[in-house]
Structure formats: C-alpha cells, structure tokens
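Read the structure below first, then the notes.
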Amino acid sequence: MTTSTPNSTSIAKAHGRYIRGSVSKVRRVLDQIRGRTYRDALIMLEFMPYRSTGPITKVLRSAVANAEHNLGLDPASLVITSAIADMGPSMKRYRPRAQGRAFQIKKQTCHISIAVAAPSES
C-alpha cells in the first residue's frame, strides 16, 4: 500500500509497548480511526464498546502532545496518518487441570504505534 506522506519533520509519533490485549482486537479499533482527524478519533474512541480503546486513546494523546510540544503543530488540525499494532511477547501462565495436569495459557501483548501529521495542502 503506497500513500503520499508529508515530509518526516512534520510527523509526530508515539508508541505504546507491552499493552495487554490481542493484536486482532486492537487492530479492529485502529482500522476505524486511521485517516481521521484527532477530534473525530477521540469522539469515536470515547463511545466504542471495546476494552482496547483505553490504551489506544493514551497513545493517541501522547502522539498529539509530541506534535504540539516538539513540532509546534495545532492539535485541532492533526490527522492520524499511521496507526499500527504489532505482536508483543506472550506471558505464559498455567491453569491446573484434573489428575495433576496443567494446561498452558498464553496472555498476549501488543505494541501500538500511532503517527499524526498536519494535513497536506494538495
């Protein structure tokens, strides 16, 4: 997928690492907010019924704070250019079963990356 992006100096990024939750559940929320303005994304995240919206909101606010503080961009004009989730390490836990056996449970984690930029004038 090729998209035109503004030059790298006007892009602010934020990463959330080792977030508890599966990648697929986080990606279904990120797919909804990708390409939207910061204000629209916050409103959508506020009313979505998913547990993963909390950490995503936190990372999004961090990316916008980076853009405002480091690049001097206006938060009202920012657009989410990139929102991805990658798989993190799984925590391995054990559940006791009958007759002295134990079954392994994998508690998944993920890494969330969000980039925001000012809209291009094209």
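Keeping to the range 32-62, report how many residues are open to solvent by 90 Å² or more (accessible area, probe 1.4 Å) and of a type in the set (Asp, Glu). Qualifying residue count for the region: 1. Consider the range 63-122 and keep the residues that are open to solvent by 30 Å² or more (accessible area, probe 1.4 Å), in a strand (DSSP E or B) and of a type in the set (Ser, Thr, Tyr). The one that is farthest from Leu30 (Cα to Cα) is Tyr94.
The values are calculated or read from the model by the stated rules, or taken from the named source; none is laboratory data. Since we're looking at a predicted model, the values are computed, not measured. To get the accessible areas, we keep the full protein, side chains included, count just its heavy atoms, and leave off ligands, DNA and RNA. Shrake-Rupley method; radii C 1.70, N 1.55, O 1.52, S 1.80 Å.
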